[in-house]
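K.L.:
The structure that follows is given in the form of structure tokens.
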Amino acid sequence: MSNTTLISILIMSMLINNVVLSQFLGICPFLGVSKKVDTASGMGAAVIFVITLASIICGLIYHFILHPLGLDYLNTIVFILVIASLVQFVEMFLKKAMPALYKALGVYLPLITTNCAVLGAVLLNVQNEYSVIQGIVNGIATSVGFAISIIILAGLREKMQYNRIPKAVQGFPFTMFTASLMAIAFCGFSGLK
Amino acid sequence: MNLAENTPLERLFNGIVKENPTLVIVLGMCPTLAVTTSAMNGIGMGLSTTVVLALANLFISLLRNVIPDDIRIPSFIVIIASFVTMVDMLMQAYTPELYKSLGIYIPLIVVNCIIFGRAEAYAYKNKPLASFFDGIGMGLGFTLAITVMGFIRELIGSGAIFGNPIGSLPEYAPAIFVMAPGAFLVLAIMITIRAHIINTIEARKGIRLPVTHTDEEGSECSSCAMRMSCAGKFQKVEAMMKADKEAKAAAAKPTDTKPADTKPADVKPADTKAADAKPADVKTAEEKPADVEPVDAKAADAKPAEEKPEEAESPENKKKEESAAPQSALERLKAMKTADEAEKEANK
């Protein structure tokens, strides 16, 4: 495993295969929590935090427990339980140890449990047969990609808040149109391959 | 159609038409966008989700008296994940091609908002048979919606119907429709058309149809899988943060004219929310100073009580002053906010 592969994983997961705009994972928070840049960056930070931790823990569990014992078919159940309890623990830990960080992230943590980006990133690590280190890099890159796209969308929505929009397009469809244009822009990154 | 509540047929109708999960409730967006590159993928994804949904609903409904309230969410997750694993393995064995093209999205059925939402909203509270058919109805509604979407994308994007290319159409097909941007675009257009139809019906009949989440209000939580269980926690905390901010702003503001205007720093969020929600009340109160005390106290609990006697002393003067400058703390905050916003706009 050389440094080049790590860097290519980083670029691939962050920009080319952007988790939201080309893999459609984590669409729910992407559309739901992108009204203001403040909340969007809070959500992005919380996702970075959780995905990084989840890919470390799930990577270790997979490589040292599930795979050696031939229990690969339990992946989904184990990972989702690990993520759900991880989110709970992180919430409790932050509440006690780092109240400031808890105040910043606390709102978003419970929303992340069923964010498919977390489970998706962990499952992709297994599917692509990444080692633990590669998995962690992939997790970080995926979540940074998520943060980038949600913050851009929130910025766009803030700017366009006072625009005149036909009634039928208001709200959800309008956000989808914006996301579509963003996805076209992100298609350009596939030239980086 | 008038069907008795909670009968199998009513449940099917409800899932497919009345509360179609994709088009009406706007749930389960991730698979909807991801796997609809062809109609066949849509059917495969839809049917596997239907199986998981029906079985998970059935089991959760059977176990609803056994599962304690506090740990119901982990229990749901385990039940759903078990069925998803079963479906995953069955598909790997019997439909390897479909399994390959759906890829990671099959295990991701676990976190599909539709399944979790139905478990929480329906199966946990209703009888097994009705829950089972609710699952089938919802699943078929989902299947229908994503198959139609897959059909459209496949037809435009790769010029084929169910994998059969039509003449020389594939040569001219804009491939962007089977790529990522096309997914957003097609879904946006579909929901726009639906919203337009609903708006037209509403305008013609003069009624308000129960539009669920396409409106701006409450859209923060609308597409989140956890919103059923978090019960608006997100919005509550956001309101709390807002109240904190306002309290700080009020404390920072020099108390020039009236000591009554200083807001206590520990403003309760609910109060400020109530105050925010009733700007109309405050205005009417201003117009009729005689009525000021009861309405104001109700609308803005955050205001200290000292203001009352002062207002009672000279209602006439008050009226004049009020017309000149915003009086209550609430009004002043609002004015401040608008000023801030105007400043921001100017800076831009």
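Values in this text are rule-based calculations from the coordinates and carry no lab data. Being a predicted model, the structure only gives us computed values, none of them experimental. Quick reminder, even Gly has a Cβ in these numbers, built from the backbone with ideal geometry, and neighbours come from all protein chains shown.
K.L.:
Helix-derived [θ] at 222 nm for chain A: sum -39500 (n - 2.57) over DSSP H runs of at least 4, divide by residue count, nearest 500?
P.N.:
-22000 deg cm²/dmol
K.L.:
Counting only C-alpha contacts under 8 Å and six or more residues apart, can you give the relative contact order of region B:86-219 as a whole percent?
P.N.:
11
K.L.:
Around B:Ile161, which amide H atoms from residues at least 5 apart in sequence, or from another chain, sit under 5 Å from its own amide H, with H modelled in the peptide plane?
P.N.:
B:Ile166
K.L.:
Given a Förster distance of 56 angstrom, what is the FRET efficiency for B:Ile71 paired with A:Arg164, based on the Cβ-Cβ distance and rounded to 0.05?
P.N.:
Working from the Cβ atoms, E equals 0.70.
K.L.:
Mind ranking A:117-128, A:63-74 by how tightly packed they are, going by the mean number of other C-beta atoms within 10 angstrom, highest first?
P.N.:
Order by mean packing, descending: A:117-128, A:63-74.
K.L.:
About the Cα centre, and with charges only on the beta carbon of Lys, Arg (+1) and Asp, Glu (-1), how big is the dipole of region B:8-232? Nearest 20 debye, please.
P.N.:
Numbers: 14 positive and 15 negative charges, 90 e Å.
Around 440 debye, computed over region B:8-232.
K.L.:
A further question follows. Over region B:8-232, calculate the relative contact order: mean separation of alpha carbon pairs under 8 Å at least 6 apart, over the residue count, as a percent. If you can, show how the numbers build up before the last one.
P.N.:
Numbers: 314 pairs, mean separation 74.9, N = 225.
It comes to 33 percent, rounded to a whole number.
K.L.:
Below 8 Å, C-alpha to C-alpha, sequence gap of six or more: please give me the relative contact order for region A:1-138 in percent. Intermediate values should be presented prior to the final figure.
P.N.:
On the way: 103 pairs, mean separation 50.7, N = 138.
Relative contact order here is 37 percent.
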